[in-house]
Amino acid sequence: MPGEIITLQVGQCGNQVGEQFWSQISKEHGISMQDQGKRDIEPNEYTDDLPDVFFQKLDDERYTPRAILIDFEPRVVNGINNRYNNFFNPNNLFISGDGGGASNNWTQGYNLGNTHKDEIMDMVNKELDKCDSFEGFQMIHSVAGGTGSGCGSFLLEELNDMFDKNLITTYSVFPRMGVSSEVVVQPYNQILSLKRLIESSDVNIVFDNASLTSIASNNLKTDSPSYEDCNQLISTVMSGLTNTLRFPNYSYSSLTSIFSTLIPTPDLQFLIPSFTPFTKDYVSNPKDIRRSNSYDVIVDILDKKLRMFGNDITQGANSGMYLSILDILIGDNVEQNDIQKALIKARSRVQFVPWSSSAINLSIGNRSPFLNRSQFHNSVIQKQHQQNHLQQQQQQQQVSGLMLSNTTSINNLFNKILKDYDSFMKRGAYLNWYQNKEFEKLNGDIMAEFSDSREIFHKVIQEYKNCESISYLDDDEDDDVDLEEYN
């Protein structure tokens, strides 16, 4: 049976994405966010889904998320709590006393995390006490601002130190690059955050706002996608990734089993998600699409325009090689013959690193039966029921798919992040914002911290570059031998 997963939503972005995530999986498990977590099942009705992975079942048959909502200004968390009264555990909503926020400054967010460490970790430990078979944490955050990047970094260090045997996964949102930057000091915040992603987490599923906006424009009925539209794309990935945990299957019944097929070494831990097609199962205003089957999804999802990280960096960019690919198909029309044909076609279009097994791993998930249920009560006229039924039949013909890829093309955006950081550092721009006695008392000189963070990030970039060589694993073996001789 899959273990429980505790979600930490940190900062404005983390909590806004988290709201969409809970809305999505609540719908898939028939749980009402508006009705204090009550579940839409009849007495003695049998269901084979496992909401306990993400929800705690209370004594009065209600469900509440295994989630901790953290921010240092009250607007977003209070707004979520007001919209869904008594759905989230009120003891798991953390807003600092002054409510002033972290001012888009990584060191300030880090310091605030340290200041309130005991309160936040007490929430974490109380949630752990409610788990029977805890598997790990997932953190949702942005790496551009102050709270998501700074406090998120601090919490990753704490979690890694206290629970080093449990899996730590991040859903990390990166900002737009260049002149349209949302936060002027984001190059500094990103580099300092990336050090913690690399050293203190196990898996990083990455998104960037430019890619999300592009995908939303092409797949939703909107010319100007909102943050809510983009956040629905992220929640779709989170839902698809955990489908086989919540709707048990014969394989990939834990996050560990999923990620072990994708991450060959601890340094190569960044995964790029893609998804197609977006239907009403996942987003509120999808464009009309033709009927899709397993063949369509497996072949189409290789389109680089569907990548949610770095898909806007095309001119002169390295197309990269794949280290690993996992496809998760979800739908009611999954045909094995289509799958076999599609995998052969897809494999001919993919270039793997020379030491890889060159296999496209595949899992077949289950579409939630709750998505088929009418949202109307018995008092609504029969015609509306019939219309809903026809729409549901059309939905059932759709197959959607999530692809998680570990690819060296991630360096296209990583190199851009490093270039922006070096440009800022060369000019010494805004460095006075980061001179912070409280931080330096804990961690030493901030300039040394910048230098160390850049070095660690650059090593990962180099690692992705080196792994395209056929001798990559041989070099690792030689390093292991040398280390043993040294010891």
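Enumerate the strands (runs of 3 or more DSSP E) found wholly within the range 46-162, keeping only those where 2 or more residues are closer than 25 Å to residue 246 by Cβ and modelled with pLDDT of 95 or more.
The strands (runs of 3 or more DSSP E) meeting that bar are 55-57, 63-65, 67-71, 134-142.
Residues that are basic (Lys, Arg): which helices (runs of 4 or more DSSP H) entirely in the range 223-299 hold 1 or more of them? Write out each step before concluding.
On the way: elements: 227-241, 243-246, 255-260.
The helices (runs of 4 or more DSSP H) meeting that bar are 243-246.
Does the range 380-398 hold any residues that are surrounded by 14 or more Cβ atoms within 10 Å (Cβ to Cβ) and either at pLDDT 95 or above or over 30 Å from residue 252 (Cα atoms) (or both), and which are they?
388
Picking from 73, 135, which residue would you name as being in contact with a Gly (Cβ under 6 Å, 6 or more places away or on another chain), surrounded by 15 or more Cβ atoms within 10 Å (Cβ to Cβ), among the charged types (D, E, K, R) and farther than 20 Å from residue 162 by Cα?
Result of the check over 73, 135: 73.
Scan the range 32-42 and tell me whether some residue there is among the polar types (S, T, N, Q), part of a strand (DSSP E or B), more than 19 Å from residue 170 (Cα to Cα) and touching a Phe, Trp or Tyr at 6+ places or on another chain (Cβ under 9 Å).
So in the range 32-42, the residues among the polar types (S, T, N, Q) come out as 32, 34, 36.
Next, from what is left, pick out any that are part of a strand (DSSP E or B): none.
No.
Quick check: is even one residue across the range 473-481 charged (D, E, K, R), open to solvent by 70 Å² or more (accessible area, probe 1.4 Å) and at pLDDT 90 or above? Reasoning before the result, please.
First pass over the range 473-481, keeping only residues charged (D, E, K, R): 474-480.
After this cut, where a residue has to be open to solvent by 70 Å² or more (accessible area, probe 1.4 Å) as well, the list is 474-475, 477-480.
The next check asks that each one be at pLDDT 90 or above; those that pass are none.
No, the range 473-481 contains no residue that is charged (D, E, K, R), open to solvent by 70 Å² or more (accessible area, probe 1.4 Å) and at pLDDT 90 or above.
Given the residues 292, 319, which is the only one that is open to solvent by less than 30 Å² (accessible area, probe 1.4 Å) and either out of contact with any helix residue (DSSP H, G or I) (no Cβ under 9 Å at 6 or more places or on another chain) or at pLDDT below 90 (or both)?
Sole residue among the options that is open to solvent by less than 30 Å² (accessible area, probe 1.4 Å) and either out of contact with any helix residue (DSSP H, G or I) (no Cβ under 9 Å at 6 or more places or on another chain) or at pLDDT below 90 (or both): 292.
Take residue 284 and tell me if it is among the hydroxyl-bearing types (Ser, Thr, Tyr), more than 20 Å from residue 350 (Cβ to Cβ), in contact (Cβ under 8 Å) with a residue 24 or more places away in the chain and touching a Gly at 6+ places or on another chain (Cβ under 8 Å). Can you show your working first?
Values: among the hydroxyl-bearing types (Ser, Thr, Tyr): yes; more than 20 Å from residue 350 (Cβ to Cβ): yes; in contact (Cβ under 8 Å) with a residue 24 or more places away in the chain: yes; touching a Gly at 6+ places or on another chain (Cβ under 8 Å): no.
Answer is no for this residue.
Within the range 422-460, restricting attention to residues that are open to solvent by less than 10 Å² (accessible area, probe 1.4 Å) and either within 24 Å of residue 111 (Cβ to Cβ) or of a type in the set (Lys, Arg) (or both), which residue is nearest to the chain's Cα centre (by Cα)?
Only one residue fits best here, namely 457.
Look through 339, 313 and report the one residue that is touching a residue at least 24 places away in the same chain (Cβ under 8 Å) and open to solvent by 10 Å² or more (accessible area, probe 1.4 Å).
When all the criteria are applied, what remains is 313.
Please state which of the following conditions residue 16 fails to meet, knowing it meets all the rest: (1) open to solvent by 40 Å² or more (accessible area, probe 1.4 Å); (2) over 24 Å from residue 201 (Cβ atoms).
Looking at each condition in turn, residue 16 falls short on (2).
From 89, 85, 44, grab the single residue that is in contact with a Ser or Thr (Cβ under 6 Å, 6 or more places away or on another chain) and of a type outside the set (A, V, I, L, M, F, W, C). I'd like the intermediate steps shown before the answer.
On the way: 85 fails: in contact with a Ser or Thr (Cβ under 6 Å, 6 or more places away or on another chain); 44 fails: in contact with a Ser or Thr (Cβ under 6 Å, 6 or more places away or on another chain).
None of the others qualify; the one that does is 89.
Of everything in the range 235-253, what is more than 16 Å from the chain's Cα centre (by Cα) and small (Gly, Ala, Ser)? Give them in sequence order.
251, 253, listed by residue number.
Going through the range 175-212 one residue at a time, which ones are open to solvent by 30 Å² or more (accessible area, probe 1.4 Å) and free of Cβ contacts under 8 Å to residues at least 60 places away in the same chain? Before you say what the answer is, go through the steps one by one.
Step one: of the range 175-212, the residues open to solvent by 30 Å² or more (accessible area, probe 1.4 Å) are 176-182, 184, 199, 202.
Answer for the range 175-212, where residues must be open to solvent by 30 Å² or more (accessible area, probe 1.4 Å) and free of Cβ contacts under 8 Å to residues at least 60 places away in the same chain: 176, 179, 180, 181, 182.
The values are calculated or read from the model by the stated rules, or taken from the named source; none is laboratory data. Computed from a predicted structure; not experimentally measured. Positions of Cβ are generated from backbone atoms using ideal geometry, with glycine treated the same way; all protein chains shown enter the neighbour counts. Side chains included, ligands, DNA and RNA excluded: accessible areas come from the protein's heavy atoms. Shrake-Rupley method; radii C 1.70, N 1.55, O 1.52, S 1.80 Å.
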